[in-house]
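**Student:** Please read through the structure below; I'll follow up with questions.
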Amino acid sequence: MTDYFKIRIVKLQKLLKKMDLDALIVYNGVNMKYLTGFDGGTGDGLVLVTLDNARLITDSRYEEDYKDRLPEGVDFKITRSYYEEAIATVTEFHIKKLAFEADLPYNIYDYIDDLLPADIEFDALPSAIEALREVKDESELVALREAAAVSTKAFNELIPLIQPGMTERQVANELDRLQKKYGAEKASFDTIVASGSRSALPHGEATDKVIENGELVTIDFGYYVDGYTSDVTRTIAVGPISDELKAIYHVVLQANENAIETVKPGISGSEIDRVARDYITEHGYGEAYNHSTGHGVGLDIHEGPALSAHSSDELQVGHLLTIEPGIYLAGKGGVRIEDDVIVTDSGYENLTTGISKDLIIIEG
Ligand code: GLY
């Protein structure tokens, strides 16, 4: 069986070597999980990766759970004194150039820096593991496909249950129930259910507002399966909607499809954004599209690459991207349509085709 953890650790070790570093202290919980499977979370341990070793330092709450299931090559130290143990490890392995993740909280940086022997360099290494995480391996793609499949089943079962008179929160709670029925672990962010004029709020979390006839309802959700999350948006209509709202629906849909059709290895994130944005601008709504076209997704809801006007990221096989253009008309309503696509050798694989993008009109 392929040892994906080992491959990830070896990639990181090669990067450290290339950067003339001897070791990295990993504090970020998602990065610890990516490298070792340890899911305690940020603040509940450290992983110290040297050029030849990887050591998980955590406390006895996790001993029984992890002692027999850490990947080969990752050893285990149980202590409440994570930082002191990390420094003992640094000394044991004769580390001279130690790096830390750039988002390490300052108080922890300062604590470790004070404890370190004076001859050890201690410098920030920005986004090294985050960069590795952008390209998904086969085990991650399996989980991401499953997350999209669960989200698809749950959302398709939700649609016939939505009626005018329900609150946004009732819709969000119903979606949560269905996601869990089909095997989702938890939501990766508070579900957005934004109806009527609130649908013009790109991140309008579900409230007690009652959904009325004649409104658009934007539903944006992400759910974890096997540690990896989906991120999907659909906008539906409840009862008849105005011609203008119908028109913006079709502009957003075409922008979404044009951007997806552009996905292939070697294309820049800014080009994908330009394709979606130009279409929306040509139809007179450029000012009403106030966010970027997409982002990577994986263990976290927001990862690289960025699909934005200023992105210098280039698409690679194994990236998992959201494509999510929108138009938001203050006081009237908004539309966003979001799919999850994998970049493949020949272009892309859309994971969310099972959820229709035709304009669904629920009769009240
Ligand atoms: N779909 C929610 C987000 O990207 O923040």
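The values are calculated or read from the model by the stated rules, or taken from the named source; none is laboratory data. Quick caveat, the model's predicted, so the values are computed rather than measured. Cβ: placed from backbone, ideal geometry, glycine included. Neighbour counts: every protein chain shown. These area figures cover heavy atoms from the full protein model, side chains too; ligands, DNA and RNA do not enter into them. Shrake-Rupley method; radii C 1.70, N 1.55, O 1.52, S 1.80 Å.
**Student:** For the subset of the stretch 203-235 comprising residues that are modelled with pLDDT under 95 and not acidic (Asp, Glu), which member is farthest from GLU168 (Cα to Cα)?
**Tutor:** Only one residue fits best here, namely HIS203.
**Student:** Pull up the stretch 298-335, narrow it to residues that are away from the ligand (no atom under 11 Å from the Cβ) and polar (S, T, N, Q), then point me to the one that is farthest from GLU271 (Cα to Cα).
**Tutor:** Step by step, filter the stretch 298-335, then rank; the result is GLN316.
**Student:** Another one. Checking ALA88 against (1) touching a residue at least 24 places away in the same chain (Cβ under 8 Å); (2) within 23 Å of ASP119 (Cα to Cα); (3) aliphatic (A, V, I, L, M): exactly one of these is not met. Which one?
**Tutor:** In the conditions (1) touching a residue at least 24 places away in the same chain (Cβ under 8 Å); (2) within 23 Å of ASP119 (Cα to Cα); (3) aliphatic (A, V, I, L, M), ALA88 misses (1) alone.
**Student:** Any idea which of (1) away from the ligand (no atom under 14 Å from the Cβ); (2) open to solvent by 40 Å² or more (accessible area, probe 1.4 Å) is the one GLY286 doesn't satisfy?
**Tutor:** If we test GLY286 against (1) away from the ligand (no atom under 14 Å from the Cβ); (2) open to solvent by 40 Å² or more (accessible area, probe 1.4 Å), just (2) comes out false.
**Student:** Okay, next question. So is GLU101 surrounded by fewer than 18 Cβ atoms within 10 Å (Cβ to Cβ) and in contact with a helix residue (DSSP H, G or I) (Cβ under 9 Å, 6 or more places away or on another chain) or not?
**Tutor:** In short, no.
**Student:** Going through the stretch 336-359 one residue at a time, which ones are open to solvent by less than 10 Å² (accessible area, probe 1.4 Å) and within 16 Å of the ligand (Cβ to nearest atom)?
**Tutor:** ARG336, ILE337, GLU338, ASP339, ASP340, VAL341, THR352, ILE355
**Student:** Residues that are surrounded by fewer than 22 Cβ atoms within 10 Å (Cβ to Cβ): which strands (runs of 3 or more DSSP E) entirely in the stretch 153-240 hold 3 or more of them?
**Tutor:** Strands (runs of 3 or more DSSP E) meeting the threshold: none at all.
**Student:** Here is a list of conditions, (1) part of a helix (DSSP H, G or I); (2) farther than 26 Å from GLN163 by Cβ; (3) more than 16 Å from the ligand (Cβ to nearest atom), and ALA259 meets all of them except one; can you say which number that is?
**Tutor:** Status for ALA259: all satisfied but (3).
**Student:** Go through the stretch 112-139 and give me each residue that's touching a helix residue (DSSP H, G or I) at 6+ places or on another chain (Cβ under 7 Å) and open to solvent by 60 Å² or more (accessible area, probe 1.4 Å).
**Tutor:** Answer for the stretch 112-139, where residues must be touching a helix residue (DSSP H, G or I) at 6+ places or on another chain (Cβ under 7 Å) and open to solvent by 60 Å² or more (accessible area, probe 1.4 Å): just LEU115.
**Student:** Against the condition within 15 Å of the chain's Cα centre (by Cα) and open to solvent by less than 40 Å² (accessible area, probe 1.4 Å), how does ALA147 come out, does it pass?
**Tutor:** Against the criterion (within 15 Å of the chain's Cα centre (by Cα) and open to solvent by less than 40 Å² (accessible area, probe 1.4 Å)), ALA147 qualifies.
**Student:** Considering each residue of the stretch 316-332, count those that are within 20 Å of PHE155 (Cβ to Cβ) and open to solvent by less than 10 Å² (accessible area, probe 1.4 Å), and give that number.
**Tutor:** 6
**Student:** Looking only at helices (runs of 4 or more DSSP H) that fall completely inside the stretch 1-78, which ones have 1 or more residues that are surrounded by fewer than 20 Cβ atoms within 10 Å (Cβ to Cβ), within 24 Å of the chain's Cα centre (by Cα) and small (Gly, Ala, Ser)?
**Tutor:** Answer list for the stretch 1-78: 29-36.
**Student:** Then there's this: So for the stretch 114-123 (the condition being touching a residue at least 60 places away in the same chain (Cβ under 8 Å) and part of a loop (DSSP other than H, G, I, E, B)), does at least one residue qualify?
**Tutor:** Within the stretch 114-123 (the criterion being touching a residue at least 60 places away in the same chain (Cβ under 8 Å) and part of a loop (DSSP other than H, G, I, E, B)), the answer is no, since none of the residues qualifies.
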